[in-house]
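*Asks:* To start, I am sharing the structure in question, which I have written as structure tokens.
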Amino acid sequence: MMEDEKLLTIIVPFFNPGIALERCIASLERQSFSKNHYTVLFINDGSSDDTPRRISRLCDGNNHMAMLNHPEKRGLVSCCNEALERITTPYCM
């Protein structure tokens, strides 16, 4: 396996998550699995709070994180299906 080869995409859909998303991000950052081997794909499902702005700033500073932004709520299944269409890693969760 090459040093920068991504193996896993972690899909994190959200809608006005509040502090729960902060705990999720903190948990992801504590992982012992190298950030070179995974990507986090956040999916905003029409949040009306400031979460999309916060996640966008977080993604700007981390090359292993990205965000898809839906301005209107589509639902969890739609978000996950779109993520599955976009990922390029062999595994996802």
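*Asks:* How far is it, in nm, from the label point at TYR91 to the one at ARG30 when both lie 7 Å from their Cα along the line to the Cβ?
*Replies:* About 2.1 nm separates the two model spin labels.
*Asks:* Would you work out the relative contact order for the chain, in percent, from Cα pairs under 8 angstrom that are 6 or more residues apart? Could the numbers behind the result be given before it?
*Replies:* On the way: 132 pairs, mean separation 36.1, N = 93.
It comes to 39 percent, rounded to a whole number.
*Asks:* On to the next question. Could you give the length gained by full extension between SER78 and ALA66, i.e. 0.36 nm per residue of separation minus their alpha carbon distance, to one decimal place? All intermediate terms of the calculation are to be shown ahead of the outcome.
*Replies:* Working: separation 12, 0.36 × 12 = 4.32 nm, distance 1.75 nm.
Working it through step by step, the gained length comes to 2.6 nm.
*Asks:* While we're here: What is the set of long-range amide H partners of THR9 at a cut-off below 5 Å, with H atoms built 1.01 Å from backbone N?
*Replies:* Those qualifying (amide H under 5 Å, at least 5 residues apart or on another chain) are THR39, TYR91, CYS92, MET93.
*Asks:* Can you run phi through the Karplus equation (6.51, -1.76, 1.60; θ = phi - 60°) for the range 12-24 and list ³J(HN,Hα) in whole Hz, with x for Gly and Pro?
*Replies:* 10, x, 8, 9, 6, x, x, 5, 4, 5, 4, 5, 4
*Asks:* Calculate what fraction, in whole %, of the accessible area of the chain sits on carbon and sulfur atoms when a 1.4 Å probe is rolled over the protein chains. Write out the running numbers ahead of the final one.
*Replies:* On the way: 3050 of 5740 Å².
Exposed carbon and sulfur together represent 53 percent of the surface.
*Asks:* Further question on the same structure: Rounded to the nearest 500, what is the chain's calculated 222 nm mean residue ellipticity when only DSSP H runs of at least 4 contribute -39500 (n - 2.57) each, over all residues?
*Replies:* Working: 3 runs with 32 residues, N = 93.
One gets -10500 deg cm²/dmol as the mean residue ellipticity at 222 nm.
The values are calculated or read from the model by the stated rules, or taken from the named source; none is laboratory data. Small disclaimer: the values here were computed from a predicted structure and weren't measured. Quick reminder, even Gly has a Cβ in these numbers, built from the backbone with ideal geometry, and neighbours come from all protein chains shown. What goes into the accessible areas is simple: the full protein's heavy atoms, side chains included, and nothing from ligands, DNA or RNA. Shrake-Rupley method; radii C 1.70, N 1.55, O 1.52, S 1.80 Å.
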